[in-house]
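Only the coordinates and a few stated rules stand behind these numbers; no lab work does. Quantities reported herein were computed from a predicted structural model and do not represent experimental measurements. Cβ coordinates were reconstructed from backbone atoms using ideal geometry, including for glycine residues, and neighbour counts include every protein chain displayed.
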Amino acid sequence: MLSEVDMFISNYTLVDPEIYQLWVDGHSSSEAVNILHQRGICQQTNAPLELVASDILDHYRTYALLEKLLHTPTKLASEQLAFQIEPQTSQMLIEMYYEFDDDLYANYWERK
């Protein structure tokens, strides 16, 4: 019995800002697939939905591993060795992770 395995190996950690924002916003990988499908990602990339879903799941796994480092931004930016991340990507990850949701922020202060 043969099984098929898809594998991608890279030196640098790839971050898709759109997928990362969906992860930061708390969407599950399934929700992210549906959102991006509605935005026309399959037509834009000419990729089947299964491939898009697999790619998004890979991104989500990476973000879950990075999350521990995001709790201490200095480690992500300079001290960690597990991920090869370009400085501008590291900065983007930190800024987007700690960015305030304006609506949530406004609702919080209205209740106080």
Efficiency of FRET from Cβ geometry, Met1 and Thr72, R₀ 41 Å, rounded to 0.05: 0.35
Gln44/Glu79 FRET efficiency (R0 41 Å; Cβ-Cβ; nearest 0.05): 0.65
Degrees between helix 87-97 axis and first principal axis of the chain (Cα, 0 to 90, nearest 10): 60
Among Gln84, Thr74, Tyr12 the positive-end extreme of the charge dipole of the chain (Cβ point charges): Thr74
Ratio of the Cα radius of gyration of segment 1-54 to 2.2 N^0.38 Å, where N counts its residues: 1.31
Rg/Rg_globular for the chain, with Rg_globular taken as 2.2 N^0.38 Å and Rg from C-alpha atoms: 1.25
Cα-centre dipole for the chain with unit charges at Cβ (Lys and Arg positive, Asp and Glu negative), debye to 20: 260
Using a Förster distance of 25 Å, the FRET efficiency for Gln88-Ser30 (Cβ separation, nearest 0.05): 0.25
Residue-by-residue Karplus 3J(HN,Hα) for segment 12-29, coefficients 6.51, -1.76, 1.60, Hz, glycine and proline x: 9, 6, 8, 10, 8, x, 5, 5, 4, 4, 4, 5, 4, 6, x, 6, 6, 5
